[in-house]
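What follows is calculated from the coordinates using simple rules that are stated; it is not laboratory data. Please read all numbers here as calculations on a predicted model, not as lab measurements. Every residue, glycine among them, receives a Cβ derived from its backbone with ideal geometry; neighbour counts consider all protein chains shown.
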Amino acid sequence: MQFNQSPGSSGGAGESRTGRPGLVAYLTIGDPDLDASYDIALAAIDAGADVLELGVPFSDPLADGPVIQRASERAVARGVSLTDVLAIAARLRAARPDCGLVLFSYLNPVVRFGQGAGFERFCAAAAAAGIDGVLLTDMIVEEADAYLAAMARHSLAPIFLAAPTSPDARLEKIARVSRGFVYVISRVGITGAQAALEGDAEQLVKRLRRYTDLPLAVGFGISSAEQVEQVGRFADAAVVGSALVAIIEASSREIAAEAVGRFIGGLRPVAALARS
């Protein structure tokens, strides 16, 4: 997984970030349906998303706000499963080989998929589908040894959430075991668009920079070009989720992909032109 940045951007720990940040786009797969999710994902990539987070629908998404909760409910009602999300990932990998693909899930669907075999079956299937990394929102780093071992065996990047409330010792461990990038939570609470970016995000990035050279992607609440630009001043990438899912919810199936592409193009006009 790589984030496109301008030649002037820096990549060392503790150094300032400048220029155009990378863009991570979250989608709840299966909302409004699987084929529509595939089309929307392609539109997101072609409009400038560097990495897609493919959200696995779950019946109890506690870390998510009402917009993503409703999307999960709709997809679960359609019977969409982790197996379906992996099938979409395989199609996307074939169609857009260079895009970063991250599976975004809660632990429960992964455990169920494993059928009592731990994480081995899941990791093998994710790697076969072309997944680059996995973010399990409720996998805590202190209990992740078996998960990390299985991920390493299949060359998958484990991505962890770093929160403003995390003590330095925990941030250091998250930084040490993460691969691909670290997901920096911009504020305490659930996902959802916000009018202004919290100051906690920049401070958390500075704290993490003591421990890692990995790209740091800031998420939770980013919904405008101005906020993406603001993130680019101190971090490597911005994560946009609820704003995209809200567009899908408000659009008919026929125009959802176009609407998402247009929105991402507004966040990343340079990337959109480069890919056209």
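Can you give the local net charge around residue 152? Use residues other than it whose beta-carbon is closer than 15 angstrom to its beta-carbon, Lys and Arg +1, Asp and Glu -1.
Working: positive: 153, 176, 179; negative: 120, 132, 145.
So the environment of residue 152 carries a net charge of 0.
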(message) Given contacts defined as C-alpha pairs under 8 Å and at least six residues apart, what's the relative contact order of the range 38-165, whole-number percent?
(response) 24 percent
(request) Using only the alpha carbons, work out the radius of gyration and Dmax of the chain in angstrom. (result) 17.1, 49
(request) List every residue whose amide H lies under 5 Å from the amide H of residue 134, counting only residues 5 or more places away in sequence or on a different chain, with H placed 1.01 Å from N in the peptide plane. (result) 103, 157, 159
(request) Subtracting the Cα-Cα distance from 0.36 nm times the residue separation, let me have the gained length for residue 149 to residue 87 in nm, one decimal. (result) 19.9 nm
(request) Treat the count of other C-beta atoms within 10 Å as a stand-in for reagent exposure and order 186, 223 from fewest to most. (result) 223, 186
(message) Skipping prolines and chain starts, which residues have an amide H placed within reach, meaning under 5 Å, of the one on residue 238, given they are 5 or more residues away or on another chain?
(response) 22, 23, 24, 218
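Given only helices, namely DSSP H runs of n ≥ 4 each adding -39500 (n - 2.57), what is the per-residue ellipticity at 222 nm of the chain, to the nearest 500 deg cm²/dmol?
Using -39500 (n - 2.57) per qualifying helix, the result is -13000 deg cm²/dmol.
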(message) Assuming 0.36 nm per residue, please report the length gained on full extension of the stretch residue 98 to residue 35 beyond their Cα-Cα distance.
(response) 20.6 nm
(message) Give me the one-decimal nm value for the distance between modelled label points at residue 213 and residue 59, 7 Å along each residue's Cα-to-Cβ direction.
(response) 4.6 nm
(request) Calculate the spin-label point distance for residue 112 paired with residue 262, positioning each point 7 Å from the Cα along the beta-carbon direction, and give it in nanometres. (result) 3.6 nm
